[in-house]
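Since the structure comes first, as structure tokens, the remarks are kept for the end.
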Amino acid sequence: MSKKKDSVFNFEESLASLESLVSAMEEGELSLEESLQAFEKGIRLTRECQSALQKAEQKVQILIDENGSPEPVDFEVDDDSASGSRD
């Protein structure tokens with residue numbers, strides 16, 4: 001049971017780790033070995049994030065399909081609301 005809890009993917013945490021890796025690599029202060037390890041971890045994190053986004057998109061699509069397709073609505077801006085004036 002604890003294995004499943006440990007394997008839960010945290011998108012925000014992974015994205016923050018990826019940003020940290022990119023910053024460290026951009027600074028150019030990593031050794032070649034550290035750079036290769038960072039790059040490998042970055043590729044893994046990128047793939048995990050992309051997979052999580054695809055799963056979320058599929059869930060949204062399923063919900064839309066279950067509840068009917070939303071109708072597109074043209075967005076119209078009132079001249080009064082666009083200028084910020086209220087009467």
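Per-structure values
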read-out	value
Pair E19, V60: separation of 7 Å Cα→Cβ label points (nm)	2.0
Phi to ³J(HN,Hα) by Karplus 6.51 cos²θ - 1.76 cosθ + 1.60 over segment 14-19, Hz, x for Gly, Pro	5, 5, 5, 5, 5, 4
Among 26-33, 14-21, the order from most to least packed when residues are scored by Cβ within 10 Å on average	14-21, 26-33
Selection from G28, V60, S14 lying farthest towards where the dipole of segment 9-67 points positive, charges on Cβ	V60
Pair-distance profile P(r), taking every C-alpha pair of segment 9-67, with 5 angstrom steps and integer %	3, 19, 21, 17, 13, 10, 7, 5, 3, 2, 1
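The numbers here are math on the coordinates, done by the rules we state, and not lab data. All figures in this text were calculated on a predicted structure; none of them were measured in a lab. For neighbour counting, all protein chains shown are included, and Cβ atoms are generated from backbone atoms with ideal geometry for every residue, glycine included.
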